[in-house]
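One structure is given below, encoded as structure tokens.
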Amino acid sequence: MSTVVIKRPPRRPAPEIPAGELPVEAPPEIPVATGGRWQQALMVLPMLGGTVAMAMMFGRGGGAYSYVVGGMFGLSSVAMLMTSWGSAGPRKSELMAARRDYLRHLATLRRRGRETAGAQRAGLYYRHPDPGRLWSTVDSHRVWERRPDDPDFAVVRVGVGPQTLATPLIPPVTRPLEELEPMTAGALRRFLDAYAVVPDLPVALSLRSFARVFVRGPVGDAGSPAAQALARAVLTQLAVFHAPDELLIAVCAGPERRACWEWVKWLPHAHHPSRTDALGPVRLVTSSAAELERLLDEVLASRSRFSPTGPATDGPHVVVVLDGGDLTGATDLAGDGGIDAVTLLDLDTPPPRLLDRYALLLDLADGRLHSHSAEGHAEVGTADGLALADAEAVARRLAPLRLAGPVRGPDAPPGAEPGLPELLGIGDPQNFTAEQGWAPRAARDRLRIPIGVGADGGAVELDLKESAQDGMGPHGLLIGATGSGKSELLRTLVLGLAATHSSEQLNFVLVDFKGGATFAPFERLPHTAAVITNLADALPLVDRMVDAINGELMRRQELLRRAGNFASLRDYERARAAGSPLAPLPSLLLICDEFSELLSAKPDFIDLFVQIGR
């Protein structure tokens, strides 16, 4: 099978999901009447009495005129009484106007709720598509789009179910129901019932948050088809959206269940990063947990106990499936607790009665998915699942793919020897952008750069991290005869690091004892703190350079102390990633060309390098 090397472009933004809240106004209340009808009638009686008395006064003088005047007073009094009687109680016109305004308010909220629900559905289904449709994603720009620094790294969909509207509806505080206008109160209740919750949305969980996820089928059966189908859906999502350099998949399955997991061998994520056999990379599929631990020993050797705080561990996240395998002799995969950046999908071991905060139980019954954790129980909705044939189809489409960049051994693609752009994975240098080159990198790739091509066609890398971080060490000496290419290698090192690390991560001090042509092109880089050249003609400048570098060392020590007594830059960066308001503190790389000439002219200059080395 031929290897296909792919380059990840900058990740395209997903459809935006609205945020915020949607307050709902209270419905109108029934106005309280100022007085009863009989009370108003009693108020009119004095007026009627005055009218009768006036009619009697006019009547004593006799004549028809007096009777006409008295009759008019009587008729006006009766009219006033009828008007007062008819206007008693709440004003109907005002109540109808308030009702119309409130129904118009609900109509506006209903339109906004539908728009929000539509955007929420589009955004979530884009982020977490149906596992049965993932085969089409392999040929799109979205394959392996998630990086370790992305918030959705190792986040997988497990089912579909109801979720709260993205802009939650804030119900109003109202008076008792009997005091509200009935029509608008009913409309409010129906509106909240219809739009407060959106049905059938993808439900996802972050595997980074759990050391062990137990998956149980109907009636708690271990290794049930429903549990295996859900696990296949989870692994397929991981394989499609995450690169094999950043996430590994391993399976420990018993002989009777091994056939259900043979499809995993096609995934490049199930290949050992360095070990090979006669068929190529060793597959991380075994029947013994102890054997799987030995295979993963190189990957997990320097890792601490499980921590859900984020990608602090150098190396890929590892997802291990346990389905009926032999756990005899296993310590890490069968024991309590967990390993940093390792998640176990356990389809076989009975879960404990009390789950700790790093454990989760997914329970399937009649197609419904329930989650149990230390925080309680919840019904998720309808469980996802993927048929064995569909999972194998996706795995076979992923099988030839490799991520552009450092590729070595049997995975190296055939063809012409790659140049620096191919080794860096930046494509055509004419189209290079800082957003592309400075995309978030895994912790293991920090200060790690290819500097050439080996005899086997794979990249030769230089890792400037200290040995405690699986690097080659931060200090080195380059030796070679005149014309052997030392200066060219130094330029390659600077250019490669500048193309893959931002100036907030890495700064340079470039020293050329003679001339200055070696580092002249890099003077305008944002990473370059200083370019010091022609020291042979101005030896007193060497002493000033020593003072400046000593001052920078003291400044950094003081900054680490004042920021929180951090022991190293790595601890400082972890605190920044966790949200501490700390300024960027880039690593400082000091590169000196013609070093032997510098020591010949200034032998005491070696004391500075010894101090830095210590």
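Observations, loosely collected:
- Only protein heavy atoms count here; under a 1.4 Å probe, Lys265 has an accessible surface of about 80 Å².
- Surface analysis of segment 492-600 yields an accessible area of 52 Å² per residue, using protein heavy atoms and a 1.4 Å probe.
- For segment 471-493, the residues whose backbone nitrogen is under 15 Å from a point 7 Å from the Cα of Ser600, taken along Cα to Cβ, are 480-483.
- Sites Arg368 and Ala194 - FRET efficiency at Förster radius 25 Å, r taken between beta-carbons, to 0.05: 0.60
- Rough spin-label spacing in nm, given labels placed 7 Å along Cα→Cβ, for Arg114 and Ser140: 2.7
- A straight chain from Ala259 to Ala434 at 0.36 nm per residue would run longer than the Cα-Cα distance by 58.4 nm.
- Heavy atoms of Lys92: accessible area, 1.4 Å probe, square angstrom to 10: 150
- Ranked packing of 155-164, 276-285, 228-237, most packed first, by mean Cβ within 10 Å: 228-237, 155-164, 276-285
- 5 angstrom amide H check on Val320, placed H, neighbours 5+ away: Ala250, Thr343, Leu344, Leu345
- Solvent accessible area, Å² - Val4, 1.4 Å probe, full protein context: 60
- Distance distribution P(r), segment 244-325, all Cα-Cα pairs, bin width 10 angstrom from 0: 18, 50, 28, 5 percent.
- A straight chain from Leu553 to Ala107 at 0.36 nm per residue would run longer than the Cα-Cα distance by 154.0 nm.
- Listed by chain and number, the lysines placed with their C-alpha closer than 27 angstrom to that of Lys265 are Lys7; residues fewer than eight positions away on the same chain are left out.
- Whole-angstrom gap from segment 242-289 to segment 502-523, using each part's C-alpha centre: 44
- Hz values of 3J(HN,Hα) by residue in segment 278-290 - Karplus curve (6.51, -1.76, 1.60), Gly and Pro given as x: 5, 9, x, x, 5, 7, 8, 10, 9, 9, 10, 5, 5
- Calculated translational diffusion coefficient of segment 100-155 (4 °C, 1.567 mPa s; Stokes-Einstein with Kirkwood radius over alpha-carbon pairs) equals 91 µm²/s.
- Note on Asp470 and Ala14: the extension gain reaches 160.7 nm, defined as 0.36 nm multiplied by sequence separation minus the Cα-Cα distance.
- Percent carbon-and-sulfur accessible area, segment 471-518, ignoring ligands, DNA and RNA, probe 1.4 Å: 58
- Spin-label pair Asp152-Leu569: with each label point 7 Å from Cα along the Cα-Cβ axis, the two points sit 3.3 nm from one another.
The values are calculated or read from the model by the stated rules, or taken from the named source; none is laboratory data. This one's a predicted model, so the numbers in the text were calculated from it and none came from an experiment. Positions of Cβ are generated from backbone atoms using ideal geometry, with glycine treated the same way; all protein chains shown enter the neighbour counts. Each accessible area value is taken on the protein alone, full model and side chains, heavy atoms only, with ligands, DNA and RNA left out. Shrake-Rupley method; radii C 1.70, N 1.55, O 1.52, S 1.80 Å.
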